[in-house]
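Below: one structure, written as structure tokens.
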Amino acid sequence: MSDMLRPLVIEQVRIVDPARSLDAIGSVIVADGVIIACGADALNQGRPDGAAVIDGRGLVLLPGLVDARVFIGEPGGEHRETIASASAAAAAGGVTSILTMPDTNPVVDDVAIAEFVMRTARDTASVNVFPAAALTRGLKGEEMTEIGLLSDAGVRAFTDGRRTIANPALLRRIMTYARDFDALVMHETQDAALSGDGVMNEGLLASWLGLPGAPAEAEIIPLERDLRLAALTTCRYHAAKISLGESVEVIRRAKQRGIRASAGVSINHLSLNENDIGEYRTYFRLSPPLRSEDDRSAMVAALADGTIDIIVSSHDPQDADGKRRPFAEAESGAIGLETLLPAALRLHHAGDVPLRRIIESMTSAPAALLGLDRGTLVPGRPADMALVDLDAPFIFSEAAIHSRSKNTAFENARFQGRVLRTFVAGRTVFSATETSGG
Amino acid sequence: MSATSSFPAFSQRHLLGIARLRPHEIEQLIDLAEAEVAVGRRRDKKKSTLKGRTQINLFFEASTRTQASFELAGKRLGADVMNMSVANSSVKKGETLIDTAMTLNAMRPDILVVRHHSAGAVALLAQKVACSVVNAGDGAHEHPTQALLDALTIRRRKGRIAGLIVTICGDVLHSRVARSNILLLNALGAQVRVVAPSTLLPRGVEQMGVEVHRRMADGLKDADVVMMLRLQRERMAGSFVPSVREYFRYFGLDSDKLKIAKPDALVMHPGPMNRGVEIASEIADGPQSVIEEQVEMGVAVRMAVMEALIGGPEDAV
């Protein structure tokens with residue numbers, strides 16, 4: 001608490017704040033959890049009395065990351081991840097706000113459960129937790145949830161999590177109703193029947209491994225359907241997690257037609273491809289499956305040009321038992337909160353995507369999508385920040401994982417770009433060095 | 001042990017798939033199996049190469065013939081053989097695969113022969129045990145001893161593998177036999193074709209080292225060997241092909257279709273056969289059929305494989 005009461009100054013730091021196209025050396029002043037001044041001339045009025053001072057030379061200050069797709073295990077699967085453990089993992093990754101998926105037990109499909117998550121987060125989490133609510137009761141794809149009441153309770157997005165609503169008539173009515181509340185419909189686009197038993201990208205690799213493949217069309221067909229319904233209903237639509245170059249083209253055309261659509265991609269699909277599965281490595285079993293290298297590079301390009309709006313971690317904790325199985329029987333999903341930023345920075349170091357665009361896609365862009373007053377360092381906003389050494393190399397080891405589950409797709413990966421300290425409302429919630437310093 | 005010392009040491013610990021073998025290793029196993037054929041035809045069929053060794057057959061998927069073949073092979077080599085059939089028990093899910101592996105491992109077997117309905121399961125299990133593991137079929141992935149016994153059968157009849165035209169017909173999509181055979185036959189220089197309706201061909205099949213045909217008339221032309229694959233009953237009636245009679249009409253091997261192949265073409269089938277579905281009875285029992293011989297070669301190949309893996313002197317294991 002002393003952090004909050006004592007003003008904080010970070011000096012001579014490179015500030016990257018994409019919301020206002022700022023990339024400059026300057027300072028930040030924080031008091032009472034709020035950014036007072038931020039920029040090259042922030043110290044013109046001098047430092048506040050008694051301020052803790054951090055020397056930011058050589059470092060970069062970013063708005064805290066906003067991750068719009070985080071699976072947790074609370075309630076119902078606390079052995080995989082609690083809200084508190086997800087929060088610790090987020091803080092370690094420079095993520096200060098998370099949108100939690102409703103795929104819990106019970107499902108977040110009514111106000112009481114949503115409030116349980118918010119209350120538990122308030123009591124146990126160090127980062128901001130925003131529960132997404134289900135589009136349909138019990139994620140069953142049959143009856144719509146109370147979108148109005150849930151919105152009033154503070155729910156920022158509606159999604160059936162891993163599931164895709166199969167019935168187009170129901171989806172149309174949900175979109176129509178959601179529009180009246182300006183509610184955001186986030187939808188995973190995978191045709192369960194067309195995917196069938198598919199557990200990896202359909203193609204030569206799957207054929208040699210003898211694994212059933214999921215074809216590209218299983219993603220593209222529901223995506224095209226959804227966008228037509230979004231055009232019809234004029235609701236705010238977000239394709240939660242696309243994985244194909246062709247999906248990028250579908251999104252691009254929809255945006256050109258003026259449809260209120262946006263799209264997200266998981267960091268896994270920007271970093272990895274189907275070859276990483278090798279001989280049945282279940283930590284690379286993801287949904288949608290990892291695709292070809294052509295798909296990966298098409299999505300990187302689409303991130304750079306803005307066709308893809310946001311990057312998500314798609315953090316999906318699974319216990320060891322769920323992964324230590326034959327590939328087709330293993331659970332899908334990988335944790336990702338702690339590797340989101342370092343993995344995304346690979347795109348910067350490789351020169352594939354400008355730094356400002358990468359950061360925007362994980363800060364101001366998701367914040368705008370969810371209607372949050374975060375994801376920027378504009379004075380007056382909560383001081384959610386990540387202090388990063390952009391060039392520091394490190395190896396991500398299992399021992400360092402804060403998440404309760406260890407199913408990372410980046411075990412022993414080499415990264416460049418390390419989170420040194422994370423602040424939520426001016427309070428230090430993570431520090432790479434054990435000394436608190438401020 | 002001196003009986004086996006004439007064979008060069010086999011360099012691998014497990015037999016998980018043909019994909020992991022180099023051509024000379026494949027040849028080595030086939031040569032070894034050739035010698036075992038004679039053992040099976042003797043009055044005294046017992047060797048002592050694996051005397052005192054423990055072999056466990058762990059079958060997560062029911063298979064009478066493959067399990068019997070491995071059991072007989074082990075017994076002829078003098079091993080103590082135990083059969084664990086988990087296919088019919090309530091044990092199904094993958095987490096028990098690891099548990100079962102750990103339990104069996106604690107019994108200190110020398111070799112585990114494993115069949116599982118899921119691709120990659122046998123390799124996963126091999127990572128968890130201290131003994132040698134033989135893949136007796138994992139999902140739609142590989143069935144290496146079947147490909148080896150097919151190669152042995154072909155070589156004994158034709159004198160070679162290289163340069164032969166081998167046509168594999170039927171459900172390639174779901175077939176581990178097809179995958180292992182495609183790998184092995186290509187490694188030894190055969191020309192491999194597949195013939196099937198497109199619904200039963202895997203994506204990217206044209207890049208798997210085979211010539212792809214959708215008509216038997218095209219695929220069987222000049223073939224030296226015709227390998228028929230089993231079509232599972234649940235795939236016959238409308239899901240992958242419309243009906244048994246339509247499948248038999250276009251893809252079943254009957255005397256008219258067999259005439260398209262070379263006059264001395266061999267007819268093979270990994271069994272169990274669906275007579276009247278993928279193969280006509282008169283062909284299965286006809287003069288060109290080597291289906292029964294395949295079964296005999298199966299025992300020889302499995303003896304060879306187990307001897308190669310664990311038949312060496314104690315220190316080498």
- Give the relative contact order (percent, whole number) for chain B; include only Cα pairs under 8 Å separated by 6+ residues. 21
- 222 nm mean residue ellipticity, helices alone, for chain A (DSSP H n ≥ 4; -39,500 (n - 2.57); rounded to 500): -8500 deg cm²/dmol
- Note on the structure: Counting only protein heavy atoms with a 1.4 Å probe and every protein chain in place, the carbon and sulfur fraction of the accessible surface of region B:135-202 in whole percent equals 49
- Message: What three numbers, in Å, describe the spread of the alpha carbons of chain B along their principal axes, ordered from the longest?
- Response: 54, 43, 36
- To the nearest 100 Å², how much accessible surface do chains B and A hide from each other in total, with a 1.4 Å probe? 1800
- Message: Positive end of the dipole of region A:250-359, charges at C-beta (+1 Lys, Arg; -1 Asp, Glu), about the Cα centre: which of A:H349, A:V250, A:G264 has its Cα farthest in that direction?
- Response: A:V250
- Item | Spin-label model distance (nm) - A:A24 vs B:R156, 7 Å beyond Cα toward Cβ | 8.6
- Message: What number comes out for accessible area per residue over chain A if the probe is 1.4 Å? Units Å², please.
- Response: 36
- Of all DSSP beta bridges in region B:105-229, what percent run antiparallel (nearest 5)? 5
- Message: At 7 Å along Cα-to-Cβ for each site, give me the label-to-label distance between B:A217 and A:R260 in nm.
- Response: 6.1
- Item | Candidate lysines for bridging to A:K241, where Cα separation is under 19 Å - those fewer than 8 sequence places away on the same chain excluded | A:K255
- Query: FRET efficiency for A:D305 and A:Q416, Cβ-Cβ distance as r, R0 = 25 Å, nearest 0.05?
  - Reply: 0.55
- For the protein assembly as shown, what is the percent of antiparallel DSSP beta bridges, rounded to the nearest 5? 35
- Could you sort out which of A:K140/B:K128; A:K406/B:K128; B:K45/B:K221; B:K45/B:K128 sit more than 29 Å apart by Cα distance in this structure? A:K140/B:K128; B:K45/B:K221; B:K45/B:K128
- Message: If I take every Cα pair under 8 Å that is 6 or more residues apart in chain A, average their sequence separation and divide by the length, what percent do I get for the relative contact order?
- Response: 20
- Kirkwood estimate for region B:32-77, i.e. one over the average of 1/r between Cα atoms, Å: 11.7
- Message: Give me the residues in region B:201-228 whose solvent-accessible area, probe 1.4 Å, is reduced by at least 30 Å² once all protein chains are included instead of the chain isolated.
- Response: B:R203, B:Q207, B:M208
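Quick one: length gained pulling A:L43 to A:D152 fully straight, 0.36 nm per residue minus the C-alpha distance?
35.2 nm
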- Return the percentage of antiparallel bridges among DSSP beta bridges fully within chain A, rounded to the nearest 5 %. 50
- Any idea what the alpha-carbon Rg over 2.2 N^0.38 Å comes to for region B:175-317? 1.17
- Item | Reduction of at least 40 Å² in accessible surface, 1.4 Å probe, comparing all protein chains with the chain by itself, residues of region B:101-120 | B:S118, B:A119
- Note on the structure: Taking R0 as 56 Å and r as the Cβ-Cβ distance between B:E27 and A:A112, the FRET efficiency 1/(1 + (r/R0)^6), rounded to the nearest 0.05, comes to 0.20
- Query: So what is the accessible area of chain B per residue, in Å², with the probe set to 1.4 Å?
  - Reply: 41
- Message: Test of understanding: express the Cα radius of gyration of region A:202-244 as a ratio to 2.2 N^0.38 Å, with N the residue count.
- Response: 1.56
- Message: I need to check one value: relative contact order of region B:168-317, counting alpha carbon pairs closer than 8 Å and at least 6 residues apart, in percent.
- Response: 21
- Measure of compaction for the protein assembly as shown (Cα Rg per 2.2 N^0.38 Å): 1.12
- Computed E for A:R6/A:R173 - FRET, C-beta separation, R0 51 angstrom, nearest 0.05: 0.45
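The values are calculated or read from the model by the stated rules, or taken from the named source; none is laboratory data. Because the structure is predicted, anything quoted here is derived from the model rather than measured. Heads up, the Cβs are rebuilt from the backbone with ideal geometry, glycines too, and the neighbour counts pull from every protein chain shown. Side chains are part of the model used for accessible areas, which takes the heavy atoms of the whole protein and leaves out ligands, DNA and RNA. Shrake-Rupley method; radii C 1.70, N 1.55, O 1.52, S 1.80 Å.
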